[in-house]
Amino acid sequence: MLTINLFNGLVYGALLIIMSSGLALIYGLRRVVNFAHGALYMLGAYIAFTVATHSNFWVALVVAPLVMAVVGVLLDRYGFRLLQDREPLNVMLVTFGLLLILEDLVAFVWGKGNHSLFTPELLNFSVSLFGESLPAYRIGVIVVGAAVALGLTLWLRYSRIGLFVRAASTDPVTTSMQGVNTDTLSAAVVGLGAALAGLAGVVAAPFLSLSPHMSSDVLIDSFVVVVIGGLGSLAGAFIAALLLGMMQAIGAVYLPQMSVLLPFLFMIAVLVWKPSGLAGSRT
């Protein structure tokens, strides 16, 4: 039983890594608390559902993040860029309003009922590990989460664009003075963040029910992850996502009455101990 709980925690932690890394990237560069991020996750899942219905899951796995990347670029161009000099509260209200609009749009297009996406045939089997039967698809989710964490780390540390992103997240004015087009860079990063939200929606769709309000739970947990890890810190988000995933899975079994409160209690404890988060406020 403990093996199953730890495995489920790892799966949810991997999903939170994919989701919260996009949120951390956007905040790290644009300093935007993006409440619409959960809606991007939801929209990615519904687009995947539609594409998979007319094609297959693997096509949806490629198409949905690409569509969400375009949505992210448009969101930056006609949203975040125009709001970058406004008060943070105004930006939060705009992104929250966008969340409500996208939820209504999804309900209008796909209906208010629940939908489900079938597990792809290639991964529709179980693997025996430590005496337990574990779904291969969920192992695949863990692999995707690990690949996202590794890919983003290598990209930020060793690529030229990654260097620009780290520089712009620290001092955008000086970075711009060095000849970097920070508006184009920001659009690319927001597009990447939206694509990651869409990817999280795609990989979650086969084992979570699709509904117009599916964004709420994962959005709250993603914000908790970003705050615990340190605002804008990817490394902190990765660590916090795994810890929170484990806590959610084990707490649901051993402390069911407290399971909803555990993430917030954990967040309070971390902020009291280290207000800047586990890894500090950086990208």
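Any idea how many residues of region 127-157 are polar (S, T, N, Q) and at pLDDT 90 or above? The number of residues fulfilling the criteria is 1.
Residue by residue through region 240-283, note down the ones that are at pLDDT below 85 and β-branched (Val, Ile, Thr). Write out each step before concluding.
Looking only at region 240-283, we keep the residues that are at pLDDT below 85, and these are 248-260, 275-283.
Answer for region 240-283, where residues must be at pLDDT below 85 and β-branched (Val, Ile, Thr): 250, 253, 260, 283.
Quick check on residue 119: is it among the polar types (S, T, N, Q), in a loop (DSSP other than H, G, I, E, B) and surrounded by 14 or more Cβ atoms within 10 Å (Cβ to Cβ)? When the stated conditions are applied, residue 119 passes them.
Would you check if residue 91 is surrounded by fewer than 17 Cβ atoms within 10 Å (Cβ to Cβ) and within 22 Å of the chain's Cα centre (by Cα)? Steps first, answer last, please.
Details: surrounded by fewer than 17 Cβ atoms within 10 Å (Cβ to Cβ): no; within 22 Å of the chain's Cα centre (by Cα): yes.
The answer is no for residue 91.
Note on region 205-263: among residues that are β-branched (Val, Ile, Thr) and over 16 Å from the mean Cα position of the chain (by Cα), the one that is surrounded by the most Cβ atoms within 10 Å (Cβ to Cβ) is 250. Only a single item in (1) under 13 Å from residue 30 (Cα atoms); (2) surrounded by 14 or more Cβ atoms within 10 Å (Cβ to Cβ) is not met by residue 85, and it is number (2).
Which residue, of 145, 179, 151, is of a type in the set (Gly, Ala, Ser) and more than 17 Å from the chain's Cα centre (by Cα)?
Details: 145 fails: more than 17 Å from the chain's Cα centre (by Cα); 151 fails: more than 17 Å from the chain's Cα centre (by Cα).
Residue meeting the stated conditions: 179.
Just so you know, in region 66-101 the residues that are among the charged types (D, E, K, R) and part of a helix (DSSP H, G or I) include one that is modelled with the lowest pLDDT, and it is 81.
The values are calculated or read from the model by the stated rules, or taken from the named source; none is laboratory data. It should be emphasised that the depicted structure is a prediction, and the values quoted were computed from it without experimental measurement. Please note: Cβ atoms are built from the backbone with ideal geometry, for glycine as well, and neighbour counts cover all protein chains shown.
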